[in-house]
Amino acid sequence: MDIERAEALSSSIMEARKNSKFCNICCNLTDKDICSICNSHKRNQSIIMVVEDPRDMAAYEKTGEFDGLYHILNGHLSPMNGIGPDDIRIKELIKRLNESVSEVVLATNPNVEGEATAMYIARLVKPLGISVTRIAHGVPVGSDLEQVDGLTLSRALSGRREI
């Protein structure tokens, strides 16, 4: 790459970094206060899918199967690494839950940390009278959602179950 193109690329990356922030509602990365998904009136406001990071949300968006809202935790529980509930965006999720939310879909990664995170959130949400579902385990255990094909993600979403 010639020097001018390299400098332009570097400048674009720095500009994107400066203008990126977390959505005030779902904690997704955006350049606005509220991301385009949260701002859309076409989305089903009664269902919130909880994912670990923006790449997981993007993977589900590619399927075109989910029309609800998202909540991005920006991590997962990992006591071995010193990551507890206060280190990810669980408090923000609980604040979003009101009478218009009827279901929370837990779509954390199907690994030890993702399962622990899902179980922790389920214990917080169920007493609120909101249905809590977990994506089906058609997603290979030990994989990351961003690496799973769209068909598998679609089947996992349609086969979710109450926990």
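The values are calculated or read from the model by the stated rules, or taken from the named source; none is laboratory data. No experiment lies behind these values; they were computed from the predicted model shown. Heads up, the Cβs are rebuilt from the backbone with ideal geometry, glycines too, and the neighbour counts pull from every protein chain shown.
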Restricting to the stretch 70-98, what's the tally of residues that are farther than 16 Å from Leu128 by Cβ, of a type outside the set (S, T, N, Q) and assigned to a strand (DSSP E or B)? 3
Does at least one position in the stretch 106-118 carry a residue that is farther than 20 Å from Lys91 by Cα, surrounded by fewer than 17 Cβ atoms within 10 Å (Cβ to Cβ) and at pLDDT below 95? yes
Selection from the stretch 67-104 of residues β-branched (Val, Ile, Thr) and on the phi > 0 side of the Ramachandran plot yields none
Which one is surrounded by the most Cβ atoms within 10 Å (Cβ to Cβ), of the residues in the stretch 29-51 that are among the polar types (S, T, N, Q) and in a strand (DSSP E or B)? Thr30
Unique match (being loosely packed, with under 13 Cβ neighbours inside 10 Å and either touching a residue at least 40 places away in the same chain (Cβ under 8 Å) or assigned to a helix (DSSP H, G or I) (or both)) among Ala59, Ala6: Ala6
Keeping to the stretch 17-41, report how many residues are touching a residue at least 12 places away in the same chain (Cβ under 8 Å) and more than 23 Å from Ile88 (Cα to Cα). 0
Among the residues of the stretch 102-116, is there at least one that is under 30 Å from His41 (Cβ atoms) and in a helix (DSSP H, G or I)? no
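Quick grid of which residues meet (1) closer than 17 Å to Asp56 by Cα; (2) β-branched (Val, Ile, Thr); (3) without any contact (Cβ under 8 Å) to a residue 24 or more places away in the chain:
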{"position": "Asp87", "(1), (2), (3)": "no, no, yes"}
{"position": "Ser100", "(1), (2), (3)": "no, no, no"}
{"position": "Thr117", "(1), (2), (3)": "yes, yes, no"}
{"position": "Ser131", "(1), (2), (3)": "no, no, no"}
